[in-house]
Amino acid sequence: MSAKRSAKPRIAIVGAGNFASALAVSLHNAGYQIEQIIARGSAASSLQRARRLAHALGASTDTSASARIRADVVWFCVPDGAIASAAASLAQATDWENNVALHSSGALTSDELAVLRQRGAAVASVHPLMTFVRGSRPLLAGVPFAIEGSPKAVRTARSMIRDLRGQPFAIHKDQKQAYHAWGMFASPLVTALLAVTERVAGVAGVNKKSARKRMLPILQQTLANYARLGAPESFSGPIQRGDAATVEKHLKTLRSIPDAREIYVALARAALHDLPAKNRAALKKLLE
């Protein structure tokens, strides 16, 4: 083991899903020794994923029922509803006095790890503002991580995130739900909007596969404009121009897709509230 790698805390990852895999690989590449990949249960699929990830990183594979913690930092990468039970299942796996325990829920606080805190662990929640799906393993460089918890755990997490070239920032416990809702708007609901957009394309005679391909240039330019100019200066179209007649035609056309029409109205109202628009009175009345 190199001096650089041995100077860093040893890591155990609980879980082997999309985020766990991206995190473990990124930490390994940043010079951290991944000591263990711990499968949440004994299901064949969970063990298979854990073994595959562990093999790639030179780590051992354990289950939560049999694991003995050898790492300094234990990072729980499991669904929100499983964090507390996963922590409880490992409460006897070490004495925890010198350990740091982290979890990566965006909505839940470090209190989910209370059972380990009571045994002496320093605990924190550390959530990346990033999307992780099967078939994609995004880099963590540049990704913001919201962190709250005990001072030691926060210091450890910040150091690790900086080594990943991520961007750690503090968040209060009472802000976690709003933070997670923000993330929901930034990615999952954008994806939902794109799915609805494909259905609207169908009314125009364009199938989903073609719609996705044909939308990419305008989507990419919209994001580029937003990144460079911000939302107000990136806004365009009939609402920005105050073209109530065109908006009215859209609403009539969308009667064949009622839920898409509802989304159109909701977003148009949001645009009138947050973005530059002409002919506001007529548009507001039309959207009532």
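Just so it is clear, none of the values below were taken in a lab; they were calculated from the coordinates. Not measured: the values here are computed from a predicted model. Cβ: placed from backbone, ideal geometry, glycine included. Neighbour counts: every protein chain shown.
Here are the numbers for the structure shown:
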item: Contacts under 7 angstrom Cβ, first residue in region 117-136 being more than 19 Å from Tyr179 (Cα to Cα), partner among the β-branched types (Val, Ile, Thr) and not in a loop (DSSP other than H, G, I, E, B), 6 or more apart; result: Arg117/Val123; Ala121/Val100; Ala122/Val100
item: Selected residue (only one of Arg119, Arg165 is among the basic types (Lys, Arg), under 22 Å from Ala88 (Cβ atoms) and not in a helix (DSSP H, G or I)); result: Arg119
item: Residues satisfying the stated conditions in region 208-229, i.e. surrounded by 13 or more Cβ atoms within 10 Å (Cβ to Cβ) and basic (Lys, Arg); result: Lys208, Arg212
item: Hits in region 171-192 (condition: farther than 30 Å from Ile263 by Cα and either of a type in the set (Asp, Glu) or part of a helix (DSSP H, G or I) (or both)); result: Lys173
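Condition check ((1) surrounded by 17 or more Cβ atoms within 10 Å (Cβ to Cβ); (2) in contact with a Leu (Cβ under 7 Å, 6 or more places away or on another chain); (3) assigned to a loop (DSSP other than H, G, I, E, B); (4) of a type in the set (Asp, Glu)) across all residues:
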site: Phe132; (1), (2), (3), (4): yes, no, yes, no
site: Ala157; (1), (2), (3), (4): yes, yes, no, no
site: Phe169; (1), (2), (3), (4): no, no, no, no
site: Leu194; (1), (2), (3), (4): no, no, no, no
site: Glu233; (1), (2), (3), (4): no, no, no, yes
